[in-house]
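J.: I am attaching a structure below and will ask some questions about it afterwards.
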Amino acid sequence: MDLAQRLARFAPVELTAERGRLSAREQAVAEHLISAGRRIGDAYLCQIWPGNLALRERLAASPGPEDRLRLRLFELMGGPWDTMDQRFPFAVDHPRPAGAAFYPEDLTKEELTAWLEQHPADRAAFSGYFSVIRRRGAALAAVPFHEEYREHLEPAAQSLEEAARLADYPPLAEYLRLRARALLDDDYFESDCAWVALQDGPFEVVVGPYEVYDDGLFGYKASYECMVALRDVEESARFRAVVDALPTLHARLPVAPEYRGRVAGLASPIVVADTVYNSGQLTKVAIATAFVLPNDARIRTTVGTKKVMIKNVARAKFANIFYPVTLDVLTPEQAAMVTFEDYFAHVLLHEVSHALGERNILQPDGSRIPLHQTLRDLYSPIEECKADIVGLYNVLFLAGEGFFPREWRESAPATYVAGCFRMARTGGGAHARANLIGFNFLRERGAIRQDAATGRFWAEASAVGPAVEELSGTLLQIEGRGDYAAAQALVQRYAFMPPEMEQTLAQVRPDLPLDLAPTFPWAT
Ligand code: ZN
């Protein structure tokens, strides 16, 4: 692949929102938030590789057309390695260190493990989310993020303070102030709690170190990211109504009551927003459509979590990837029924349905252990399949109740079938296996059918309802009992790629993008 081919894998999209949604004062708040986001993005680049900022500067100053392509790839990858192609180095001549720049480049797992055995008092600081490990002569030391990245964090915190001063909505202002302080002392507890509670106002702002994906050495260290998004008030209210309906959804799960899990504590708040600026970890392909934060278990058990669904990202993925696949695999009549709205509702109900079902499995001695410990390697495909199928079960119910348009009873199954192909295209992984289980099960029940002449698929709505109910019940019972043997039987029977699916997949245009290459007009 040359540089142009590498870039061509991503569909260019503008991620933006109507400026008129904000007052003049709020637009000024947005500008300060974006300024903070830029500095957070710089701190992120330093976390990945110490040479990143200098490399970006050199590429930006270079008149060569090749370097322009390199700069764009650099922005999408958060550094000079192609993360969608086994970290191929496209702008440097060395591989990416597994531990990024969180550790000394020559540090091995063995060396750090041995150090911690000799210095057990260092363990907490060394394995924390918010520190880097550095050499001090022959010794190793943990340096807190707020010292290591001070030159970027101080201006970021200052911009957050300025945004807070202008923000009319007091809970937002309070959150931004707490967050500014946290960037400078690495104590995120209070501001994370404030973020979970913050569900109204014009903005949804995520800023700080969160995910540990970039630390390939130990998985300890959190990467900086920032998202400045505008809350979609109408859609958030609609989704809140779905969360409010959770006790009803719980009560009608097609499984014995003892396997339904607890209804209390189900409802993690959901916010729908349109992003106008991402930086750091969040700029990287593949860009997230939804996330649940914070990750810190202390905060999760204190105040819970919040789900954020990013509608303009979902819309761009639908238009550039999901819908083109739909057109190539469904019969024309069914493809015509699929809309962004029912696709987005299924994404939501997938997320919501993760919360349904038993999480702690009763043992013969009366104790309970977490579900993932009983299903082990099969936990992820079973759990994802449950979220998909129970999600579809719930969409069908909510459409029948008038929560969603009634015609979704026909279109939601078609959307599900298209989604199976969309996922199968991305290869293995828990989500793809989950989709194969659903696809093959529904196919066996006559709920998914194939047009012999064209090879296109369609969902037979009259058969979908009973098949989805049956599979929902099976999955919920496997989880409720923590039944590894039953999970294994289901996976062995259904998690395979059927030849007719493979043939139809071959008709999908090979040049369809892998993901998006966003730009942010609000930040230019
Ligand atoms: Zn999921």
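Read the figures in this text as sums done on the coordinates, not as results from a lab. In this text, all values refer to a predicted model and were calculated from it rather than measured experimentally. Here the Cβ positions follow ideal geometry from the backbone for every residue, glycine too, while neighbour counts run over all protein chains shown.
J.: With the crude spin-label approximation of a point 7 Å out along Cα→Cβ, what separation in nm comes out for A297 versus E444?
T.: The modelled label-to-label distance comes out at 3.7 nm.
J.: Separate question: Mind running the shape call on the stretch 385-524? Use the C-alpha gyration tensor, a ≥ b ≥ c as the square roots of the eigenvalues: rounded below 1.5 for a/c, prolate if a/b tops b/c, oblate otherwise.
T.: Cα axes put the stretch 385-524 in the rounded bin.
J.: If you don't mind, there's one more thing I want to ask. To the nearest 10 degrees, how steep is helix 429-444 against the longest Cα principal axis of the chain, on a 0 to 90 scale?
T.: On a 0 to 90 degree scale, this one is about 10.
J.: Here's another thing I want to ask about it. With θ set to phi - 60°, apply the Karplus curve 6.51 cos²θ - 1.76 cosθ + 1.60 along the stretch 383-396 and write out the HN-Hα couplings as whole Hz, x wherever there is a Gly or Pro.
T.: 3J(HN,Hα) across the stretch 383-396, in whole Hz: 5, 5, 5, 4, 4, 5, 6, 5, x, 5, 4, 6, 4, 4.
J.: Considering just Cα atoms, how many Å³ per residue does the convex hull of the stretch 239-393 enclose?
T.: 163 Å³
J.: Can you list residues whose amide H is under 5 Å from S131's amide H, if they're 5+ apart or on another chain and H is modeled 1.01 Å from N?
T.: Amide H to amide H, under 5 Å and 5 or more residues apart or across chains, S131 pairs with F145, A222.
J.: Now a separate question. At 0.36 nm per residue, and after removing the present C-alpha to C-alpha distance, how many nm does the segment from L166 to R58 gain when stretched out fully?
T.: Additional length available on full extension: 35.3 nm.
J.: Using a ≥ b ≥ c from the Cα gyration tensor of the stretch 1-151 (square roots of the eigenvalues), is it rounded, prolate or oblate, where a/c under 1.5 gives rounded and otherwise the larger of a/b and b/c decides, a/b for prolate? Walk me through the intermediate numbers first.
T.: Working: a/c = 2.56, a/b = 1.40, b/c = 1.82.
Oblate is the answer for the stretch 1-151, as a/c is 1.5 or above yet b/c matches or exceeds a/b.
J.: Please name which of A157, G473, Q27 has its Cα lying farthest along the dipole of the chain towards the positive end, using unit charges on Cβ (Lys, Arg +1; Asp, Glu -1) and the Cα centre as origin.
T.: Result: G473.
J.: State the number of lysine pairs found in the chain whose Cα atoms come within less than 25 Å, restricting to pairs 8 or more positions apart or on distinct chains.
T.: 14
J.: If I fit a long axis through the Cα atoms of helix 24-48 and take the longest principal axis of the Cα atoms of the chain, what angle between them do I get, 0 to 90°, rounded to 10?
T.: Helix 24-48 sits at roughly 80 degrees to that axis.
J.: Oh, and also: How tilted is helix 52-61 with respect to the longest principal axis of the chain? Cα atoms for both, answer in degrees (0 to 90, nearest 10).
T.: Long axis of 52-61 versus the principal axis of the chain: about 90 degrees.
J.: At what distance in nm do the modelled label points of A489 and H94 sit from each other, each positioned 7 Å from its Cα along Cα→Cβ?
T.: Distance between label points: 5.5 nm.
J.: Hey, with R₀ at 30 Å, roughly what FRET efficiency would R134 and E154 work out to, going by the Cβ-Cβ distance, to 0.05?
T.: 0.90
J.: Summing Lys, Arg as +1 and Asp, Glu as -1, what charge do residues with Cβ under 15 Å from the Cβ of A28 carry, A28 excluded?
T.: Working: positive: R19, R21, R25, R165; negative: E26, E31, E161, E162, D168.
With Lys, Arg at +1 and Asp, Glu at -1, the neighbours total -1.
J.: Give, as a single signed number, the net charge of other residues whose beta carbon lies under 12 Å from the beta carbon of T83, with Lys and Arg counted +1 and Asp and Glu -1.
T.: Once all neighbours under 12 Å are counted, the net charge is +1.
J.: Would you work out if the stretch 173-312 is rounded, prolate or oblate? Take a ≥ b ≥ c from the square roots of the eigenvalues of the alpha-carbon gyration tensor; rounded if a/c is under 1.5, else prolate when a/b is larger than b/c, oblate otherwise.
T.: Values: a/c = 1.75, a/b = 1.47, b/c = 1.19.
Note, shape of the stretch 173-312 comes out prolate.
J.: Under the rule of at least 5 residues apart or a separate chain, name every residue whose amide H is placed under 5 Å from the amide H of G201.
T.: HN-HN under 5 Å from G201: empty list.
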